[in-house]
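Take a look at the structure below.
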Amino acid sequence: MGFHEVRFPASLSFGSLGGPERRTDIVTLANGHEERNTPWAHARRRYDAGVGLRSPDDISLLLAFFEARRGQVHGFRWKDWADFKSCVPGDEVDFRDQEIARGDGFTTDFALTKNYVSGEERYARPIAKPVAGTVKIGVGDAEQFEGVHFEVDLTRGVVVLDQAPGPEDLVTAGFEFDVPVRFDTDRIHTSVASFQAGDVPNVPVIEVRV
């Protein structure tokens, strides 16, 4: 089992169905009230890679990618076209998009996160697979520059600053990112004839923890 730092063809993931899934345990009490709890701190995303196929050439591309990953054995990167930026999809990435930490005068390594805010509630999603060349960092509202002020571990989603931010200095980030996934099947079942007739194969993909 391993992870290949290669992205599933973005032309095939465009138009695919999928999104976050959570697990909630619900117990209904005798008085009709409910107790709700979740064993998952973070959502797990599922997608159907088959929906994005538009031609027999796409099938060939899918099969090559599937075989190179040995089916379910190796994970890979996936672009979720509905959620792949630190900002909304229609905006440009900016170093002030996300607040990821506050300095303490000692720490130089910071994990990238994306915050989802609704009302008074906030959820911080770990970002493990940022896209090369898209990460922007700010310290105390001053933009930092990759290769000069910081480096990025693209396999873990960790930014390493050359100098530790001062106490209470706000560290912000902007970035594009992929979702770490694997195929959720060991079989691709399709034919060119059925595909041309509108029968799109089901190719499930599921997020993995890395």
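The condition of being within 30 Å of ILE59 (Cα to Cα) and out of contact with any Lys or Arg (no Cβ under 9 Å at 6 or more places or on another chain) holds for HIS189.
Residues are listed down the side, and each one gets a yes or a no for (1) over 20 Å from the mean Cα position of the chain (by Cα); (2) at positive phi; (3) at pLDDT 95 or above:
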{"position": "VAL139", "(1), (2), (3)": "yes, no, yes"}
{"position": "PRO165", "(1), (2), (3)": "yes, no, yes"}
{"position": "VAL179", "(1), (2), (3)": "no, no, yes"}
{"position": "ILE188", "(1), (2), (3)": "yes, no, no"}
{"position": "ARG209", "(1), (2), (3)": "no, no, no"}
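Under the condition of being open to solvent by 80 Å² or more (accessible area, probe 1.4 Å), under 16 Å from ASP178 (Cβ atoms) and not charged (D, E, K, R), the residues counted in the stretch 1-45 number 2.
With respect to THR185, is the statement that it is buried (at least 18 other Cβ atoms within 10 Å of the Cβ), assigned to a loop (DSSP other than H, G, I, E, B) and β-branched (Val, Ile, Thr) true? So THR185 fails the test. Which ones in the stretch 71-110 are within 16 Å of the chain's Cα centre (by Cα) and among the hydrophobic types (A, V, I, L, M, F, W, C)? Within the stretch 71-110, PHE76, TRP78, TRP81, ALA82, PHE84, CYS87, VAL88, VAL93 meet the criteria.
Can we say ASP48 is over 17 Å from the mean Cα position of the chain (by Cα), surrounded by 16 or more Cβ atoms within 10 Å (Cβ to Cβ) and modelled with pLDDT under 95? Here the answer is no, as ASP48 does not meet what is asked.
For the stretch 107-164, a residue qualifies if it is surrounded by 13 or more Cβ atoms within 10 Å (Cβ to Cβ), within 19 Å of PRO20 (Cβ to Cβ) and among the small types (Gly, Ala, Ser), and the qualifying residues are ALA124, ALA128, GLY157.
Of all residues in the stretch 131-140, those satisfying the criterion of being under 25 Å from ARG209 (Cβ atoms) and in contact with an Asp or Glu (Cβ under 7 Å, 6 or more places away or on another chain) are VAL131, THR134, VAL135.
Out of curiosity, is PHE95 of a type outside the set (Asp, Glu), closer than 23 Å to VAL208 by Cα and at pLDDT 95 or above? So PHE95 fails the test. Considering every residue within the stretch 50-58, establish whether at least one is outside any loop (DSSP other than H, G, I, E, B) and without any contact (Cβ under 8 Å) to a residue 24 or more places away in the chain. Yes, the stretch 50-58 has at least one match.
The values are calculated or read from the model by the stated rules, or taken from the named source; none is laboratory data. Worth saying up front: this structure is predicted, and the values here are computed from it rather than measured. A quick note on method: Cβ atoms are made from the backbone with ideal geometry, for glycine too, and the neighbour counts reach across all protein chains shown. We work out accessible area using only protein heavy atoms, side chains counted, and drop any ligands, DNA or RNA first. Shrake-Rupley method; radii C 1.70, N 1.55, O 1.52, S 1.80 Å.
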